[in-house]
Amino acid sequence: MSRVVTVGAAQLGPIARDEPRTDVVERLLVLLHDAADRGCDLVVYPELALTTFFPRWYLEDITEADHFYERSMPNAATQPLFDEAKRLGIGFCLGHALLETDPDGTERRWNVQTLVERDGSIVATFKKVHIPGHASHEPHRPFQHLERYYFEPSPDGFGVWDAFGGRVGMMICNDRRWPESYREMALQGVELILCGYNTPLHYAPDPSQDPLQGYHNQLVMCAGAYQNGTFVVGVAKGGEEEGVASLAESTIIAPSGQPLARAQTDGDELIVAECDLDWCKNYTGTLFDFDLYRRPEAYTRLTSQRGVATPCTSTAGSTGFSRSR
Ligand code: CDT
C-alpha cells in the first residue's frame, strides 16, 4: 500500500498586531484551497499562525496579552478552517498560543501546534519544548523576544502519533535547532516532523549571526532529517511584521537531507511535496539502524547533564531556566 503523503507547507507573510482572527483565518483558507487544488493530504501552518508574533512587545500586565491566546481549539474564529478542511478531506497542523486554567485557578500559557486529521479529529496538541529569548524586559534591544515571559516550557517532551498513514511528530521553531528534538522522536519511529517557526533576522545577543539565519535554518533541518531518517517540514511566518524582518525560506526536506521544495517569497505561499514515508527506511534500516549501531552507554551525559561540565569541573554545570539570552 502506498504511503505517499502529499504535504503542503503553508507559509504566511506578516500578521499585523491588530489584524482580526477572522481575516487571518481567511488567509489560511486561501492557502487551504490552493492545497486542495494541488492534491494535499496535510497542510502545515507556521508557529503562532493566528496572531502577530506578540513576544516582541513587553506588557507589564501579562493579562493584557491574553487576547493573543486561544482558550480552546477549535473555537468560533477557527471553526471555519476546521469545517472546510474536513469537507475537503485535508488535515492540518496549526501553530497558536494557548491559555489554560488549572483546576486550582493557575493560568498556564503555552506555545502549541494542534494537529488535525483529515476527518476533523484532533490528533494531538504539542507544546513547545525549548523556549528561547528572555524572561524580562530588555529595553536596550531594538525589539523584544520575550517568549520566556509569555510561555512555559512543555512538561511533556516530544511525542509521536500514528496519523496520515505514518508516524508524525511535531516541534516548534527553536526546537529545530536542537539535535535532541529530532532524536527523541526518531527513537519513537518518527517519519514526518512538522515545525512552524518565526525567526527574526536580527539576533540581538550576537548580530554576527544575522546574515547566517537562512543557512542555519537549512543546516539544522536538513541535518535533523538525514541523521534521523525522517521528513521535516519547516514552515515560516516570514517578511516584515510590525517593523521586524523575519526569515521565510519554508522548506520540505526528505530523509536523505535533500530539500524537496522551498518557498520563493516571504509572503503567503504554499509549497508542496509528495512524501513517500517508505523512503525513511532507506536510512533507518541501514546507516542509521539505531538498534544495531547506537551506543547509548557512550552518551550518558545527554540526559544526566544540562550545561557544560569540563573535566576539571567537580559538579555538572547547569543553566537556570530564567537566565536571560
Ligand atoms: N520563535 C522562535 O523560537 N524563534 C527563535 C529565535 C531565536 S532566539 C531569540 C528561533 O530559534 O528561530
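Report, by residue number, each residue of segment 148-186 that is within 16 Å of the ligand (Cβ to nearest atom), among the charged types (D, E, K, R) and out of contact with any Cys (no Cβ under 6 Å at 6 or more places or on another chain). Spell out the reasoning first.
Narrowing segment 148-186 to residues within 16 Å of the ligand (Cβ to nearest atom): 148-154, 158, 170-182.
Going one step further and asking which of them are among the charged types (D, E, K, R), we end up with 148, 152, 175-177, 180.
Of everything in segment 148-186, those that are within 16 Å of the ligand (Cβ to nearest atom), among the charged types (D, E, K, R) and out of contact with any Cys (no Cβ under 6 Å at 6 or more places or on another chain) turn out to be Arg148, Glu152, Asp175, Arg177, Glu180.
Among the numbered conditions (1) touching an Asp or Glu at 6+ places or on another chain (Cβ under 6 Å); (2) within 16 Å of the ligand (Cβ to nearest atom), the only one that Gly91 does not meet is (2).
Got a sec? Which of Leu201, Leu194, Leu187 is of a type in the set (A, V, I, L, M) and in contact with an Asp or Glu (Cβ under 7 Å, 6 or more places away or on another chain)? Outline the logic, then answer.
Details: Leu194 fails: in contact with an Asp or Glu (Cβ under 7 Å, 6 or more places away or on another chain); Leu187 fails: in contact with an Asp or Glu (Cβ under 7 Å, 6 or more places away or on another chain).
Testing whether each residue is of a type in the set (A, V, I, L, M) and in contact with an Asp or Glu (Cβ under 7 Å, 6 or more places away or on another chain) leaves just Leu201.
Close contacts from segment 115-136, counting a first residue that is within 15 Å of Leu98 (Cα to Cα) and a second that is within 16 Å of the ligand (Cβ to nearest atom) and hydroxyl-bearing (Ser, Thr, Tyr), with Cβ to Cβ under 8 Å and a gap of 6+ residues or different chains, come to Phe126/Ser154; Lys127/Ser154; Lys128/Ser154; Val129/Ser154; Val129/Ser181.
Looking at this structure, is Ala49 more than 14 Å from Ala9 (Cα to Cα), touching a helix residue (DSSP H, G or I) at 6+ places or on another chain (Cβ under 9 Å) and among the hydrophobic types (A, V, I, L, M, F, W, C)? Against the criterion (more than 14 Å from Ala9 (Cα to Cα), touching a helix residue (DSSP H, G or I) at 6+ places or on another chain (Cβ under 9 Å) and among the hydrophobic types (A, V, I, L, M, F, W, C)), Ala49 does not qualify. Within segment 1-33, if we keep just the residues that are closer than 22 Å to Leu247 by Cβ and of a type in the set (Lys, Arg), the residue that is surrounded by the fewest Cβ atoms within 10 Å (Cβ to Cβ) turns out to be Arg17. Screening Asn282 on (1) over 22 Å from Cys93 (Cβ atoms); (2) within 16 Å of the ligand (Cβ to nearest atom); (3) in contact with a Gly (Cβ under 8 Å, 6 or more places away or on another chain) shows it passes everything except condition (2). Taken over segment 221-269, residues that are within 13 Å of the ligand (Cβ to nearest atom) and more than 18 Å from Phe53 (Cα to Cα) amount to 1. Residues in segment 68-79: is at least one farther than 27 Å from Tyr182 by Cβ, within 16 Å of the ligand (Cβ to nearest atom) and modelled with pLDDT of 95 or more? Yes, some residue in segment 68-79 is farther than 27 Å from Tyr182 by Cβ, within 16 Å of the ligand (Cβ to nearest atom) and modelled with pLDDT of 95 or more.
So, Phe92, is that one of a type in the set (Phe, Trp, Tyr), modelled with pLDDT of 95 or more and assigned to a helix (DSSP H, G or I) or not? No: the conditions fail for Phe92.
Go through segment 154-173 and count every residue that is under 21 Å from Lys237 (Cα atoms) and surrounded by fewer than 23 Cβ atoms within 10 Å (Cβ to Cβ). So that I can check it myself, show each step before the final result.
Just the residues of segment 154-173 that are under 21 Å from Lys237 (Cα atoms), to begin with: 169-173.
Checking which are surrounded by fewer than 23 Cβ atoms within 10 Å (Cβ to Cβ) leaves us with none.
Of the residues in that region, 0 qualify.
I'd like to check something: does segment 7-19 contain any residue that is in a helix (DSSP H, G or I) and in contact (Cβ under 8 Å) with a residue 24 or more places away in the chain? Before the answer, list the steps.
First, the residues of segment 7-19 that are in a helix (DSSP H, G or I): none.
No, that holds for no residue.
Only residues that are more than 20 Å from Thr63 (Cα to Cα), within 11 Å of the ligand (Cβ to nearest atom) and either more than 17 Å from the chain's Cα centre (by Cα) or modelled with pLDDT under 95 (or both) were counted in segment 113-142, giving 1.
Inside segment 37-80, can you point out the residues that are among the small types (Gly, Ala, Ser) and either in a strand (DSSP E or B) or out of contact with any strand residue (DSSP E or B) (no Cβ under 9 Å at 6 or more places or on another chain) (or both)? Outline the logic, then answer.
Step one: of segment 37-80, the residues among the small types (Gly, Ala, Ser) are 39, 49, 65, 72, 76-77.
Correct list: Ala76 only.
With the structure loaded, tell me whether Glu107 is farther than 22 Å from Leu277 by Cα and away from the ligand (no atom under 14 Å from the Cβ) or whether it fails that test.
Numbers: farther than 22 Å from Leu277 by Cα: yes; away from the ligand (no atom under 14 Å from the Cβ): yes.
When the stated conditions are applied, Glu107 passes them.
Of the residues in segment 231-238, none is over 27 Å from His145 (Cβ atoms) and part of a loop (DSSP other than H, G, I, E, B). Of Gln209, Gln218, all but one fail to be in a helix (DSSP H, G or I), out of contact with any helix residue (DSSP H, G or I) (no Cβ under 8 Å at 6 or more places or on another chain) and within 16 Å of the ligand (Cβ to nearest atom); the exception is Gln218.
The values are calculated or read from the model by the stated rules, or taken from the named source; none is laboratory data. This structure is a prediction, so every number in the text was calculated from the model and none was measured. Reconstructed Cβ throughout: ideal geometry from the backbone, glycine too, with neighbour counts over all protein chains shown.
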